[in-house]
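In what follows, a structure is listed as C-alpha cells, so that the remarks can point back to it.
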Amino acid sequence: MPESRQIKKSKKKNVRKKENGQAAPEQLSREKKEKLEDLDNYIEDVLEEAGEDFLDQFKQIEGQ
Amino acid sequence: MRQRIFGTECEYAPVVHRPPECVQAQECREDLLAHQKNIAVRIVAAARGLSLAVAGEYLGNGGRLYVDRGGHPEYATPECRSVEDLVAYELAGDRLVQESTETIADPQEMLHLHVYKNNVDCFGHTYGGHENYLVSSRGMEKISRLIPFLVTRQIYAGAGKAMTRDQDGMFGFQISQRADFFDCTYSDRTSEVRGIINIRKREITRMDQARRLHLIIGDSNMAQFTLGLKIGTLVLMLRLLEEGELDEEFELVSPAAALKAVSRDLHAGVAAQRHGRRTVYTALDIQTICLEKALRFYAAHPPGPEEAQWLDRWVQVLEGMKHLKVRQSEMVLEKDDNDLKRKIDWILKLWLLDRSRSKGADEVQLKSLDLKYHDLNPASGLYERCLVLDLVDRLIPEKDIAKARREPPDNTRARLRGMVVQQTFGRNVAVEVENWERIKVRARSNDPQARHCFNRVKCAVNSMGICLDDPFRADDPQVMAELREFIQRWG
C-alpha cells in the first residue's frame, strides 16, 4: 500500500436541497455513484498490491 | 441486575509490509515472535509519548495498553456502564494504537508498519477480541442458558472472512472469524482448547458475589453498529438470564459444531432440544426466539432508554435478516433490501468482496482485501474508507471518541483509576496499578527521605494504597483528598 496515498476527499458538490432539507433523488443517486466510483478506484489500488507476499507478511503468532 | 459494568479487550495484529525484495522471512516461530514482540513493545511505549497520562500499562482514561501473548499489542477498555460508552472507549483504543504506530514509523525501517484489528491470519493463527461482563451469581449458575444465543449471535456480530481453500477445494465466505477455533462448550483456557464459555478462575470483582463473565468467542468489530449490537443484545440477555426468564429447556445438541456450521452457512440447520423435543432451527430462528423472550420480558418490565434503544435495533436487524439473501460458497450478496451492509461488518465485507470478485479479483486478491478491511490506518484501511465515504453508519461522534481517549467514564471505578493516573502523572511519585482493583502510590525512591516506609522528618508514610473494590464507585472524595496531600508532600 503506497504510504503516500492520501485520503481522497470525496468531491462534495453543491447539492441543491429541497425545502424539507432532503436532496433531490437524482442528486442523491449521482452522489452515491461518485462514492462507489471512489470506492472502486480505492479497491483497485489495494488489489494491485495484493498477492502472496502480502499474505505472507501478515503471518502472526497465536494469541488468546 | 439492572446495572452492570462491562468492557472489551482487543488484540491487534502489527504487520510490516515491505516490498518483496526487502522481505526478511522469519524462518521459525521464535524469530517471528521476537519480531512481533519488538514491534508491539514499541507501539505500547509510543503511546506514552502522545501527551496522555499513563501509569505502567494503565491509561488516564482508565483503560490498559500492553503487550499480550504472541506479541500482540492489546488494549482493554475501562469498565463502562453504557453500550455507547463502551463503543466509544473501544474506538478510542483503536485510535490510540493507530496513532502510536504512526509515531514509530521510521522512514528507514517501519515505514510500512500497519496495525490490523482482526482475529485471524492466513496461516490458521487466531488472536482475540474478548468481552467481560459483571453477572450476578444467580446468573452465572445458569450461564449455560445463554449458549444458543451466543452461538447464533454471529449472524449480526460476525466480522466475516474469506475462507482459506480447504482439502475439498472449497473457497467461500464465513460469517465469523473466530468460529473455527472453538472445540468445546466450556474451557478454562484461552488458547489451544477454547470454549464458548471461558471459565477461568481469575475474577475481576467479587462485589456482592457477582462474577466476571469472560467471553472469548466474539470477533473484533470494525463497524460501530455491529460492536454496539453485539454488546447491547448480550446486556439485554444477561438481564433475562438473571431474572429467570431463560429457565425453560432450550439446549443445542452440539454447540461447537453449530458455531462452525452457522459461520459457513447462514441458513444451516442447528439441532436443539426444546420442551423435551428435538427440533432443527436456523440461527435466525434461534435469535428470533431470544428476541421474543426479550420483548415479552420488557413489555412487563419497562426498559431503560438504552435497553429500549438496543431492543429496537435488534428487532430492526433481525427483520432485515429475513430479507437477506447470500450465497456464501460463491461469495455472493444477492439481496440486502434493508441495507444491513451499512450496519453489520460481515455483510459489508461480503458486499465489498462480491463487488471485487464480480470484477475479476482472484482468490489471493480477495483474501488480501479481506485483511485490508481491518487496517486501522485511515489512509489505507478498507473499512475506514467506507466510513469516510459515508457508506456505513456512525454511532459515536468523533468528539466523543476523542474525549474517551483522554478521560475515564464518569460512572464506574474506572473514573477513580483514571483520576489517580492523571493526577500523579509527571509528579515525583511512582504509581503501580497492580490490577483492576488495586493501586499503590509510592514516593520515588531516589529521594533519600522516601526510602524508609515512615519518614520521621515529614512524619508521614511514603506509600498509600487505593482500593477499587466497588465497581460502581466512581468517586471517593476522601481518597482523592489523601492523594492530593500525598502528592503535595512527596511529589
Along the charge dipole of chain B, which of B:Ala300, B:Ala414, B:Ser380 sits closest to the positive end, that is, farthest toward it, with unit charges on the beta carbon of Lys, Arg, Asp and Glu (+1, +1, -1, -1)? B:Ala414
Table column - 3J(HN,Hα) (Hz), segment B:303-309, Karplus curve with 6.51, -1.76, 1.60, x for Gly and Pro: x, x, x, 6, 4, 4, 5
For chain B, what does the alpha-carbon gyration tensor say about shape, rounded, prolate or oblate, given a ≥ b ≥ c as the root eigenvalues, a/c under 1.5 as rounded, and a/b over b/c as prolate? oblate
By the Cα gyration tensor axes a ≥ b ≥ c (a/c under 1.5 gives rounded; else a/b larger than b/c gives prolate, otherwise oblate), the shape of segment B:48-93 is oblate
Which order results if B:Ile199, B:Ile396 are arranged by neighbouring Cβ count within 10 Å, fewest first? B:Ile199, B:Ile396
On a 0 to 90 degree scale, rounded to 10, what angle separates helix B:255-264 from the longest Cα axis of chain B? 70
Of the listed pairs B:Lys230/B:Lys349; B:Lys293/B:Lys341; A:Lys59/B:Lys359; B:Lys117/B:Lys161; B:Lys161/B:Lys260; B:Lys117/B:Lys367, those with alpha carbons more than 19 Å apart are B:Lys293/B:Lys341; A:Lys59/B:Lys359
So in the protein assembly as shown, what percent of DSSP beta bridges are antiparallel if you round to the nearest 5? 95
For B:Ile5, the residues 5 or more places away or on another chain with a placed amide H closer than 5 Å to its own amide H are B:Leu134
Report the one residue of B:Asn455, B:Leu352, B:Gly232 whose Cα lies farthest in the direction of the positive end of the charge dipole of the protein assembly as shown (charges on C-beta: Lys and Arg +1, Asp and Glu -1; origin at the Cα centre). B:Asn455
Describe numerically, in nm with one decimal, the distance between label points set 7 Å from Cα along Cα→Cβ at B:Tyr66 and at B:Val253. 4.3
Go through segment B:3-15 residue by residue and turn each phi into a ³J(HN,Hα) via Karplus (6.51, -1.76, 1.60, θ = phi - 60°); whole Hz please, and just put x for glycine and proline. 10, 8, 9, 8, x, 10, 10, 10, 9, 9, 10, x, 9
Please give the helix B:29-47 orientation as an angle from the longest Cα principal axis of chain B, in degrees from 0 to 90, rounded to the nearest 10. 60
What angle, in degrees between 0 and 90 and rounded to the nearest 10, separates the Cα long axis of helix B:83-103 from the longest principal axis of the Cα atoms of chain B? 70
Return the sequence-ordered ³J(HN,Hα) values of segment B:426-441 in whole Hz as given by the Karplus equation 6.51 cos²θ - 1.76 cosθ + 1.60 applied to θ = phi - 60°, using x for Gly and Pro. x, 9, 7, 10, 9, 10, 10, 8, 5, 6, 6, 10, 10, 10, 10, 10
Per DSSP helix of 4 or more residues, -39500 (n - 2.57); summed, then divided by the residues of chain B. What does that give at 222 nm, rounded to the nearest 500? -12000 deg cm²/dmol
Under 5 Å between amide hydrogens, which residues at least 5 positions from B:Phe173 or on another chain qualify, with H placed 1.01 Å from N in the peptide plane? B:Met163, B:Ser329, B:Met331
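Each reported figure results from applying straightforward, stated rules to the coordinates on display, with no laboratory input. Note that the structure is a prediction, hence the values are computed from the model and not measured. Neighbour counts are summed over all protein chains in view; Cβ atoms, including those assigned to glycine, are modelled from backbone coordinates with ideal geometry.
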